[in-house]
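Asks: Handing you this structure, nothing more for now.
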Amino acid sequence: MVMDIRFDAVSKIWPDGTRALDDVSFTVPAGQFCVLLGHSGAGKSTLLRCVNGLETSTGGAVQVGGQSVGPASLRALRRRIAMVHQHFALVPRASGAANVMAGAVASLPLWRVLTGLYPTPLKHRVCELLQAVGLEEAHLVRRAERLSGGQQQRLGLARAFMLDPAIILADEPVASLDPAISHDVLSLLRSQARGRGTTVLCSLHQLDLARAFADRVVALHSGRIIFDGPPETLKGSDISNIYTKSDASEAAVPLRLRFAI
Ligand code: ADP
């Protein structure tokens, strides 16, 4: 089943008063590859984490496939939402296959996880996905820590697709990879998602990658939307607005303290 994501006047104010999200409203239609652009601290990660309940908004609402994200729906929703992380979040000493299988743990009884006796169809799926993301048989058994960054993120992608999610949240998935590998990894994410009708909300800070892969760009600045549209409509002025750091947070810090940090 395909799912959209709807943000309705979402705000997030941290206990220290930092306003990470400020009245954010937009809908990501099912199957769209939507890129969140913005400099560090713009609110991208907080917004992504409000979709799978890792953070709770302090105002407004998030809906996934028409269902409100909240304590009552989270367990069921998390089976339909996968995440891809900047630093891969693999188990370094476990094999490639075990890391990909970890993507199916939510669907398995505890005894299977503890004994490692996985159902044969899931083992086939691990092999299928490893192949789909361009890894080889040798990577099945090799420890994740022995793989290159690009190969590790390919494992991260395969793990994310294990339960055939309706939504993938990718939080700066290529921030620790070099440009050529970043291109390959995003290309894989997009083609795998397209083939399955998966909705992708992916934060990036590289404009060229957003231009190459996004169906749509939503740019955040200080927690507010400052651009929403197809990447080809981004103008020079939009780009400079996106990458101009707000000095509000800096100005709020007393000068003496600023020198101390
Ligand atoms: P981005 O992903 O665009 O870099 P974030 O969503 O991580 O931005 O952060 C948005 C704002 O929220 C920043 O000002 C950041 O310092 C602040 N922030 C993030 N996490 C916390 C937290 N746990 N406690 C307090 N402030 C936070």
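Asks: Determine if segment 115-127 includes at least one residue that is in contact (Cβ under 8 Å) with a residue 60 or more places away in the chain and open to solvent by less than 80 Å² (accessible area, probe 1.4 Å).
Replies: Initially, segment 115-127 is screened for residues in contact (Cβ under 8 Å) with a residue 60 or more places away in the chain, giving none.
No.
Asks: Any residue in segment 154-172 that is small (Gly, Ala, Ser) and open to solvent by 10 Å² or more (accessible area, probe 1.4 Å)? First the steps, then the outcome.
Replies: Just the residues of segment 154-172 that are small (Gly, Ala, Ser), to begin with: 156, 158, 160, 166, 170.
With the extra rule that they be open to solvent by 10 Å² or more (accessible area, probe 1.4 Å), the set shrinks to none.
Looking for residues that are small (Gly, Ala, Ser) and open to solvent by 10 Å² or more (accessible area, probe 1.4 Å), one finds none in segment 154-172, hence no.
Asks: Give me the residue from segment 52-64 that is within 13 Å of the ligand (Cβ to nearest atom) and in contact with a helix residue (DSSP H, G or I) (Cβ under 9 Å, 6 or more places away or on another chain) and, out of that set, most open to solvent (accessible area, probe 1.4 Å).
Replies: Per the stated criteria, the residue is 56.
Asks: Another question, if that's okay. In segment 12-29, how many residues are of a type outside the set (D, E, K, R), surrounded by fewer than 16 Cβ atoms within 10 Å (Cβ to Cβ) and away from the ligand (no atom under 11 Å from the Cβ)?
Replies: Of all residues in segment 12-29, those of a type outside the set (D, E, K, R) come to 13-15, 17-18, 20-21, 24-29.
Adding the requirement that they be surrounded by fewer than 16 Cβ atoms within 10 Å (Cβ to Cβ) leaves 13-15, 17-18, 25-27, 29.
With away from the ligand (no atom under 11 Å from the Cβ) added as a condition, the list becomes 25-27, 29.
Counting residues in segment 12-29 that are of a type outside the set (D, E, K, R), surrounded by fewer than 16 Cβ atoms within 10 Å (Cβ to Cβ) and away from the ligand (no atom under 11 Å from the Cβ) gives 4.
Asks: Another question, if that's okay. Looking for whichever is hydrophobic (A, V, I, L, M, F, W, C) and within 16 Å of the ligand (Cβ to nearest atom) here; the options are 74, 36. Which one fits? Lay out the reasoning, then the answer.
Replies: Working: 74 fails: within 16 Å of the ligand (Cβ to nearest atom).
Checking each option against the conditions leaves just 36.
Asks: Tally time: how many residues in segment 194-213 are open to solvent by less than 50 Å² (accessible area, probe 1.4 Å) and either within 16 Å of the ligand (Cβ to nearest atom) or among the basic types (Lys, Arg) (or both)? Lay out the reasoning, then the answer.
Replies: Step one: list which residues in segment 194-213 are open to solvent by less than 50 Å² (accessible area, probe 1.4 Å), which gives 197-204, 206-207, 209-210, 212-213.
Subsequent filtering for residues that are either within 16 Å of the ligand (Cβ to nearest atom) or among the basic types (Lys, Arg) (or both) retains 201-204, 206-207, 209-210.
Count: 8.
Asks: Determine whether residue 139 is away from the ligand (no atom under 16 Å from the Cβ) and buried (at least 21 other Cβ atoms within 10 Å of the Cβ). Steps first, please.
Replies: Numbers: away from the ligand (no atom under 16 Å from the Cβ): yes; buried (at least 21 other Cβ atoms within 10 Å of the Cβ): yes.
Considered against the rule, which asks whether it is away from the ligand (no atom under 16 Å from the Cβ) and buried (at least 21 other Cβ atoms within 10 Å of the Cβ), residue 139 comes out as yes.
Asks: Looking at this structure, is residue 168 closer than 24 Å to residue 97 by Cβ and at pLDDT 95 or above?
Replies: Working: closer than 24 Å to residue 97 by Cβ: yes; at pLDDT 95 or above: yes.
For residue 168, the condition - closer than 24 Å to residue 97 by Cβ and at pLDDT 95 or above - is met.
Asks: Test of understanding: among 187, 191, 176, which residue is surrounded by fewer than 17 Cβ atoms within 10 Å (Cβ to Cβ) and in a loop (DSSP other than H, G, I, E, B)? If you could, list the steps in order and put the result at the bottom.
Replies: Details: 187 fails: in a loop (DSSP other than H, G, I, E, B); 191 fails: in a loop (DSSP other than H, G, I, E, B).
Result: 176 is the single residue among 187, 191, 176 that is surrounded by fewer than 17 Cβ atoms within 10 Å (Cβ to Cβ) and in a loop (DSSP other than H, G, I, E, B).
The values are calculated or read from the model by the stated rules, or taken from the named source; none is laboratory data. Just so it is clear, the structure is predicted and the values come from calculations on it, not from any experiment. Neighbour counts run over all protein chains shown; Cβ positions are idealised from the backbone, glycine included. Ligands, DNA and RNA are excluded from the accessible area calculation, which covers all protein heavy atoms including side chains. Shrake-Rupley method; radii C 1.70, N 1.55, O 1.52, S 1.80 Å.
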